[in-house]
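The structure appears below as structure tokens.
The values are calculated or read from the model by the stated rules, or taken from the named source; none is laboratory data. Being a predicted model, the structure only gives us computed values, none of them experimental. Using ideal geometry, Cβ is built from the backbone for each residue, glycine included, and neighbour counts are taken over all protein chains shown.
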Amino acid sequence: MNESVVVPAAERNDREVEQRMRRLTRRGFATGGMGALAGLLAWGWVRTRPQDQGIPWPLRRMLEWNATLAQSYFRPTRLAPTFSMNVARWPRANGNLGLQNAFDPAAWSLRLENATEKRPLILTLAQIKSLPRVDMVTELKCIEGWSDPVRWTGVRLADLALRWGKATRSGKAADLERFPSDLLRYVSISTPDMGYYVGLDIESALHPQTLLCYAMNGRSLTVEHGAPLRLVIPVKYGIKNIKRIGTIRFTDERPADYWAERGYDWYAGH
């Protein structure tokens with residue numbers, strides 16, 4: 001006489017849960033494997049595409065889309081976050097492009113150029129410091145993913161353009177609001193030895209938080225941080241914050257940019 005075995009309800013539930021988990025595990029493994037394979041195939045396809053300015057064209061189109069998006073929400077009145085002075089700290093020096101040669105900050109001068117004029121203007125640090133002083137604590141954001149709040153001291157690039165009229169075709173003072181058509185479209189900034197150079201759109205260059213900085217955290221800039229003058233532009237990633245400025249040139253032609261030539265986004269806004 002056969003007797004049926006009665007399995008307790010709790011044990012039945014445990015077995016059902018175990019069976020479901022096994023099915024889910026197999027399904028998840030299969031789905032994950034298919035996803036990984038699709039990713040590898042897609043990456044293989046991207047890598048074989050023709051190059052556009054040093055990188056496969058699908059990646060270049062993505063960078064262009066990012067730049068278009070960043071430009072679409074840029075406003076001169078949109079400010080980067082600021083912080084109290086007690087949170088400021090020393091950022092990483094993080095790179096010495098354009099800083100390798102022997103250099104005497106005391107012999108430094110700034111060459112200011114306008115593409116529509118032949119004669120450059122040579123400015124001393126004392127002349128630059130005669131412009132209204134600005135102190136602010138903003139983040140230096142590296143494209144590698146780290147950021148540091150830093151207290152910057154300097155003068156607005158917009159005030160320099162206003163004082164010496166190099167940002168316009170007419171030679172008159174720059175006025176982004178009333179006479180935008182008179183502004184030259186771009187700014188090229190390079191180190192004295194041309195070892196490093198960046199290109200900026202004029203709107204970002206004349207942003208109220210874009211500084212020509214000569215001090216950091218209450219002290220004069222050190223050589224590794226760009227003495228005697230560096231750019232601070234919080235609406236851009238750190239690759240645009242060029243150290244040891246030698247030349248500033250206002251132009252209508254989009255200027256060369258060191259990292260854009262090596263596959264990065266020319267606009268580099270965030």
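Just the residues that are of a type in the set (Val, Ile, Thr) and touching a strand residue (DSSP E or B) at 6+ places or on another chain (Cβ under 7 Å), please, taken from the range 192-222. Walk me through it before giving the result.
Looking only at the range 192-222, we keep the residues that are of a type in the set (Val, Ile, Thr), and these are 198, 202, 210, 222.
Listed by number, the residues that qualify are Val198, Ile202, Thr210.
So which pairs qualify, if the first residue must be in the range 206-226 and assigned by TED's automatic domain parsing to the domain that holds Ile242 and over 27 Å from Tyr186 (Cβ atoms), the second must be of a type in the set (Gly, Ala, Ser) and assigned to a loop (DSSP other than H, G, I, E, B), the Cβ gap must be under 7 Å, and the two must be at least 6 apart or on different chains?
These pairs meet every condition: Asn217/Ala88; Ser220/Ala227; Glu224/Ala93.
If I ask for residues that are assigned to a loop (DSSP other than H, G, I, E, B), of a type in the set (A, V, I, L, M) and modelled with pLDDT of 95 or more, which ones from the range 240-270 would you list? Explain how you work it out, then say what you get.
Initially, the range 240-270 is screened for residues assigned to a loop (DSSP other than H, G, I, E, B), giving 241-246, 252-259, 263-268, 270.
In the following step, the residues that additionally are of a type in the set (A, V, I, L, M) were identified as 242, 245, 256, 268.
Matches in the range 240-270: Ile242, Ile245, Ala256.
For residues that are surrounded by 17 or more Cβ atoms within 10 Å (Cβ to Cβ) and of a type in the set (S, T, N, Q), scanning just the range 121-165, find the one that is nearest to Ala88 (Cα to Cα).
Across the range 121-165, the extreme among qualifying residues is Thr138.
Sort out which residues of the range 208-239 are in a loop (DSSP other than H, G, I, E, B) and of a type in the set (Phe, Trp, Tyr), and write them in order of number.
From the range 208-239, those in a loop (DSSP other than H, G, I, E, B) are 208-210, 217-218, 221-222, 226-229, 233-235, 237; that's our starting set.
Across the range 208-239, the qualifying residue is only Tyr237.
Residues that are in the same structural domain as Ala115 (by TED's automatic domain parsing), under 16 Å from the mean Cα position of the chain (by Cα), farther than 20 Å from Leu125 by Cβ and buried (at least 23 other Cβ atoms within 10 Å of the Cβ): does the range 166-182 have at least one? Before you say what the answer is, go through the steps one by one.
The first filter runs over the range 166-182 and keeps only residues in the same structural domain as Ala115 (by TED's automatic domain parsing), leaving 166-182.
Still in the list and also under 16 Å from the mean Cα position of the chain (by Cα): none.
No: the range 166-182 contains no residue that is in the same structural domain as Ala115 (by TED's automatic domain parsing), under 16 Å from the mean Cα position of the chain (by Cα), farther than 20 Å from Leu125 by Cβ and buried (at least 23 other Cβ atoms within 10 Å of the Cβ).
Pick out the one residue from Trp146, Trp152 that is closer than 24 Å to Tyr267 by Cβ, in contact (Cβ under 8 Å) with a residue 60 or more places away in the chain and of a type in the set (Phe, Trp, Tyr).
Values: Trp146 fails: in contact (Cβ under 8 Å) with a residue 60 or more places away in the chain.
Just one listed residue meets the conditions, Trp152.
Just to be sure I understand the filter: pairs with C-beta atoms under 9 Å, separated by 6 or more residues or on different chains, first member in the range 183-201 and more than 10 Å from Ile248 (Cα to Cα) and free of Cβ contacts under 8 Å to residues at least 40 places away in the same chain, second member part of a strand (DSSP E or B) and of a type in the set (A, V, I, L, M, F, W, C). Which pairs pass?
Leu183/Phe250
Which number in (1) under 24 Å from Arg92 (Cα atoms); (2) surrounded by 14 or more Cβ atoms within 10 Å (Cβ to Cβ); (3) charged (D, E, K, R) marks the one condition that Asp201 misses?
With (1) under 24 Å from Arg92 (Cα atoms); (2) surrounded by 14 or more Cβ atoms within 10 Å (Cβ to Cβ); (3) charged (D, E, K, R) applied to Asp201, the lone miss is (1).
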